[in-house]
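Undergrad: I have a structure here, written as structure tokens, and I will follow up with some questions on it.
The values are calculated or read from the model by the stated rules, or taken from the named source; none is laboratory data. Model, not experiment: these values are computed from the prediction. Methodologically, a virtual Cβ is constructed for each residue, glycine included, from the backbone with ideal geometry; neighbour enumeration extends over all protein chains shown. Surface areas here come from the heavy atoms of the whole protein model, side chains and all, with no ligands, DNA or RNA. Shrake-Rupley method; radii C 1.70, N 1.55, O 1.52, S 1.80 Å.
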Amino acid sequence: MHKKPVLLILLGCAIGIWLAAAWLKENSVANVVVAMSRTADNEWFVSYKFDEPVQRATFVRNSDHSRIKRWQPLEPDYYLAIDSETDQEYIARVDGNSFNSVAFQLTPSYVMLRKDYAPFAPFSDGGVGWFSGRFKVCPESCSSALRFTYDFSMQAPLSDYIRLPGESARGELQWREEASDGVVVYVGPQAPREALDDGLQTIIDPILPDSLKQRLARDVPPMKAFFNQRLPLLEQQPMLLASFSPTDNGRFGYQGGVIGNQMMLHWYGHSMAERATAPYFVEDTLWFVAHEIAHLYQGGQFTTDQAWIHEGAAEFMALSYLRSIYANGIYLQHRVRSAEEKCASTSDPIEIHYACGLLWAQQIDDRIRQQYPHGLYFLWFTYVNELATQGRRDSADLYFELLAQLTDEVFAQQLRAQVAARYPQL
Ligand SMILES: [Zn+2]
């Protein structure tokens, strides 16, 4: 064969591959338009539009089945159901035909989802924080090879501010997201303020007792300073949302969460004034807030299958912060003792993440401090930096690798075995 035709064929192939790759890149993304709206009467609606007709739309996050009750289709031709095989909620048409768009009216009250962020956190001044991740659907199924993007929009009366970290508007705001996680969108009367000295955007429910508001204003800046001295600095200004919702079933407590650079603190119960006078309310609040701030500094690197790594570390960091400010010693002893008791007896994996996680983090800290004074923080400093530069998602291996470097192989292996023995499913 002559050289020239071979070269031409090769060139032809290369162009073909290049064109195919460009076509695949163009066609491997499916976009979903998600339009959220709130009326002046606090009625909430969500509507979806798809590029191509779909037979069903499956929700990305399925921590319970409460959408079935809390979402009403605007047209009777549509319904929500649960896939018996995957246990995921989905939208479909009654007649089985495909569709390009669908809309629902929503119930914008607080529900606690054990394994996910609350879809709506109402504020007593009429504001609402809603979690965009709850509203993401995949055309057909989420296991498809397509990459999904979401064009969100929020429409609200002009009296409302619509706020995202670093963005704010009145009337309407649009933004784009990928499939992972989401953001908390604040819609309500609280206007964005110039960044304060403490470098924090705050949206705080006015119903929270003054004592708690003052504590947040007074305690959050030194907490941030504490973490700034020990962990890589935050790249963006964080947003703090603190809210409260009343309950009438006797349940009370608090729930927090960190998504990206947003930190949510939510209290619920009969009344906040009653809660605020309970014994150790101050210590509990400090622990809770320090735990969530620790997550902010963990750089969004949360392993899902070995959650003890970040939950246990956040528990330990809360404990060490409270020790550093000489908080009530009896309270701190009680927290450690109750973690020991729970770790020894519970069979709930979530409790193991927190209770055993605290004890394992303490063990790691003791051992690293034999050589490095910052102990567990030093491990986390290198861990957060490595994850940020390498972008590794399977991070448990990396955690043990770095632990072995700061201690030794034997200690890292022992701890790994201890963890594996405690989670029967691992
Ligand atoms: Zn946590």
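Undergrad: Would you mind stating whether residue 398 is open to solvent by less than 10 Å² (accessible area, probe 1.4 Å), touching a helix residue (DSSP H, G or I) at 6+ places or on another chain (Cβ under 8 Å), modelled with pLDDT under 95 and under 29 Å from residue 260 (Cα atoms)?
TA: yes
Undergrad: Please list, ordered by first then second residue, the pairs with beta carbon atoms under 9 Å, 6 or more apart or interchain, first in segment 289-300 and in contact (Cβ under 8 Å) with a residue 12 or more places away in the chain, second polar (S, T, N, Q).
TA: 290/320; 296/261; 296/262; 297/228; 299/385; 300/261
Undergrad: Go through (1) buried (at least 19 other Cβ atoms within 10 Å of the Cβ); (2) not in a helix (DSSP H, G or I) and name the single condition residue 371 misses.
TA: (1)
Undergrad: Next question, about the same structure. Please list, ordered by first then second residue, the pairs with beta carbon atoms under 7 Å, 6 or more apart or interchain, first in segment 86-109 and more than 19 Å from residue 130 (Cβ to Cβ) and assigned by TED's automatic domain parsing to the domain that holds residue 54, second at pLDDT 95 or above and in a loop (DSSP other than H, G, I, E, B).
TA: These pairs meet every condition: 92/55; 93/77; 94/77; 95/77; 98/55.
Undergrad: Which is within 13 Å of the ligand (Cβ to nearest atom), open to solvent by 20 Å² or more (accessible area, probe 1.4 Å) and more than 17 Å from the chain's Cα centre (by Cα), of 341, 351?
TA: 351
Undergrad: Which of the residues that make up segment 130-162 are small (Gly, Ala, Ser) and open to solvent by 50 Å² or more (accessible area, probe 1.4 Å)?
TA: 143, 145, 159
Undergrad: Scan segment 246-254 and give yes if some residue there is in contact (Cβ under 8 Å) with a residue 24 or more places away in the chain and away from the ligand (no atom under 16 Å from the Cβ), otherwise no.
TA: yes
Undergrad: On the basis of being at pLDDT 85 or above, within 16 Å of the ligand (Cβ to nearest atom) and either in the same structural domain as residue 177 (by TED's automatic domain parsing) or of a type outside the set (Asp, Glu) (or both), does residue 321 make the cut?
TA: When the stated conditions are applied, residue 321 passes them.
Undergrad: At pLDDT below 95, within 16 Å of the ligand (Cβ to nearest atom), surrounded by fewer than 23 Cβ atoms within 10 Å (Cβ to Cβ) and assigned to a helix (DSSP H, G or I): does that describe residue 302?
TA: no
Undergrad: Which count do you get for residues in segment 257-275 that are away from the ligand (no atom under 16 Å from the Cβ) and not hydrophobic (A, V, I, L, M, F, W, C)?
TA: Of the residues in segment 257-275, 6 are away from the ligand (no atom under 16 Å from the Cβ) and not hydrophobic (A, V, I, L, M, F, W, C).
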